[in-house]
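A.B. asks: This is the structure, below, for whatever I ask next.
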Amino acid sequence: MKLQHGAATLVLGVQYGDEGKGKLVDVLAEQADLVCRVQGGNNAGHTIWVNGEKIVTQLLPSGILRENCEIGIGAGVVVDPFVLRDELKKVKSQGYDITPERLHVDYRASVILPYHKNLDLKRELERSKNTAKIGTTGRGIGPTYASRAYREGPRIAEISSPENFHAWLNANPHLKEGLETKVLDEFLETAEALRPYMKDLAMIANNRLAQGARVLLEGAQGAMLDVSFGTYPFVTSSNLVAGSCAGGLGIPPWKISNILGVIKAYSTRVGNGPYPAELFGDFADELRKRGNEFGTNTGRPRSVGWLDLVALRYLSRINGLTGLAIMKADVLSGIEHIGIITAYRDKRTQKEMVGYPMTQSAWENVEPVVEYVDGWECVANGLLLNKQYQAFIKKIEKYVDVPSVYISTGAERSEGLWV
Ligand code: IMP
Ligand code: MG
């Protein structure tokens, strides 16, 4: 696929996160001039494999490995300064020295403070007493977005000088929790070190677009975790759908010319919440092992299941996907029959559900209708012409009415092809 000049391409996860967006963004970034994160924070974890070396990022966009492109952290992101500092150090030790000329962190991004992390853990503990906890990553993501909605949390611009930050804390004294002298000193030192990266990224992005740059927006998590359109309340706390991504950077929505939805050939979910496609038992364990489905960030084992076309069709509409990228089909190689969820039935009535579940009780009564297709032996580069595999892809395309544009056949950057 060719990235268009003077336009943006959006890469979105359209399951529950961990679809393999990082790899696709890395592949596309070869052509990009600017790659930006637009929402979420270090709840994300992107894995890229290059020549046998594993590179994991949390806050930095997956464009870091392509020296030709600038990278940005947009206004819609929540930034933990300690995490950003450590990540820059880590990728530097792997040979990627990210200079302030290359990385731009928007002044308007919200700052994660120790207070927000504590609150995240505290709220999860409370929830686990009365109801199910959400199973957050514990990084303070939700409380930081809430703090923004409350208009009490500082933004990156406010930590660019100690005077600003002290004034901010004095106006919102409860945010000082967890910032004892030693931590505060380290925080200010970190903020000082990050200062050269703090910029008006929205203006930079718009200027670059006007000059004909090719921009990539990298979504984090997956649309099923969108705070409005996902399985609320078991979701993350930001909007992830395509309609909100332009706003996470500050570019006009009409500058986005392509919206690529990334899916795995099966599905996974971390944390709690509705997951009709979930599989259990030995087969699930085997699939988890084959796909190495353990959290990039938290190491938690992911729940695994079949591909859910009901959810995918719903999300294709909401996001206006222009193409699908299908990842990890190689993981299913050798499995005789592959399941696909093609409808939701209501357990109580045994009738097919009309519309998408909106309440918790509707979710509890979802019974997935599974269709099985023939499996394939192997999906290596160039061998895509496997009949069973093609039939699988055609079924997805037909059901969701979106063409597939990229097929990944392995973890390495080189393993995959454009259709
Ligand atoms: P939070 O984003 O830390 O508040 O977590 C809320 C929910 O989103 C939990 O179920 C997390 O497991 C899930 N989540 C957050 N970020 C990711 C991600 O990058 N991949 C997969 N799941 C995620
Ligand atoms: Mg991930």
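Every number in this text was worked out from the coordinates using simple rules, so none of it is lab data. Everything numeric here is computed off the predicted structure, so don't read it as measured data. Don't worry about glycine lacking a Cβ; one is built from the backbone with ideal geometry, like all the others, and counts go over all protein chains shown.
A.B. asks: Order these by the 10 Å Cβ neighbour count, fewest first: Cys245, Cys69, Cys378.
C.D. replies: Taking fewest neighbouring Cβ atoms as first place, the list is Cys378, Cys69, Cys245.
A.B. asks: Quick one: Cα centre-to-centre distance for the stretch 246-289 and the stretch 90-160, in angstrom?
C.D. replies: Result: 21 Å between the Cα centres.
A.B. asks: Could you calculate the contour length gain from Asn207 to Thr131, that is, 0.36 nm times the residue separation minus the distance between their Cα atoms, to one decimal place in nm?
C.D. replies: 22.6 nm
A.B. asks: Hey, can you grab everything whose amide H is under 5 Å from the amide H of Val50? Only 5+ residues off in sequence or another chain; H modelled, so Pro and N-termini drop out.
C.D. replies: Ile55
A.B. asks: Something else: Does the stretch 111-195 classify as rounded, prolate or oblate by the C-alpha gyration tensor (a ≥ b ≥ c root eigenvalues; a/c under 1.5 gives rounded; else a/b over b/c gives prolate, otherwise oblate)?
C.D. replies: prolate
A.B. asks: Cross-link list Lys2/Lys255; Lys328/Lys398; Lys54/Lys117: which exceed 22 angstrom alpha carbon to alpha carbon?
C.D. replies: Lys54/Lys117
A.B. asks: Can you say what percent of the DSSP beta bridges in the chain, counting only those with both residues inside, are antiparallel? Round to 5. If you can, show how the numbers build up before the last one.
C.D. replies: Values: 24 of 62 bridges.
If I count the DSSP bridges inside the chain, around 40 percent turn out antiparallel.
A.B. asks: List the aspartates and glutamates whose Cα sits under 15 Å from the Cα of Lys199, skipping any in the same chain fewer than 8 residues away.
C.D. replies: Glu70, Glu101, Asp106, Glu158
A.B. asks: In percent, how large is the relative contact order of the stretch 55-195, given Cα pairs closer than 8 Å and 6 or more residues apart?
C.D. replies: That works out to 24 percent.
A.B. asks: Can you give the longest run of the chain that contains no GluC sites (Glu not before Pro) sitting in a DSSP loop with at most 12 other Cβ atoms inside 10 Å?
C.D. replies: My reading of the result: 181-335 is the longest stretch.
A.B. asks: So what is the relative contact order for the chain, in percent, with contacts set as C-alpha pairs under 8 Å and at least six apart?
C.D. replies: Working: 914 pairs, mean separation 85.4, N = 419.
Result for the chain is 20 percent.
A.B. asks: How far, in degrees from 0 to 90, does helix 201-210 lean away from the longest principal axis of the Cα atoms of the chain, to the nearest 10?
C.D. replies: 60
A.B. asks: To check my understanding: the extent here is largest minus smallest coordinate of the Cα atoms along each principal axis. What are those three numbers for the chain, in Å, largest first?
C.D. replies: Principal axes ranked by extent give 64, 51, 38 Å for the Cα atoms.
A.B. asks: Which trypsin sites (Lys or Arg not before Pro) from the stretch 1-105 combine a DSSP loop assignment with at most 16 other Cβ atoms within 10 Å?
C.D. replies: Lys2
A.B. asks: Here's something else I'd like to know. For the chain, modelled as a Gaussian network with Cα springs under 10 Å, which listed residue fluctuates most, Gly355, Gly271, Gly20?
C.D. replies: Highest fluctuation among the options: Gly355.
A.B. asks: Just the number: Rg to Rh for the stretch 263-418, Cα atoms, Kirkwood Rh, two decimals.
C.D. replies: My calculation puts Rg/Rh at 0.96.
A.B. asks: Taking springs between alpha-carbon atoms closer than 10 angstrom, which of Tyr314, Tyr16, Tyr372 fluctuates most in the Gaussian network model of the chain?
C.D. replies: Largest GNM mean-square fluctuation: Tyr372.
A.B. asks: Sticking with this structure for a sec: Helix-only estimate, please: 222 nm mean residue ellipticity of the chain, summing -39500 (n - 2.57) across DSSP H runs of length 4 or more and dividing by its residues, to the nearest 500.
C.D. replies: Numbers: 12 runs with 130 residues, N = 419.
Computed mean residue ellipticity for the chain: -9500 deg cm²/dmol.
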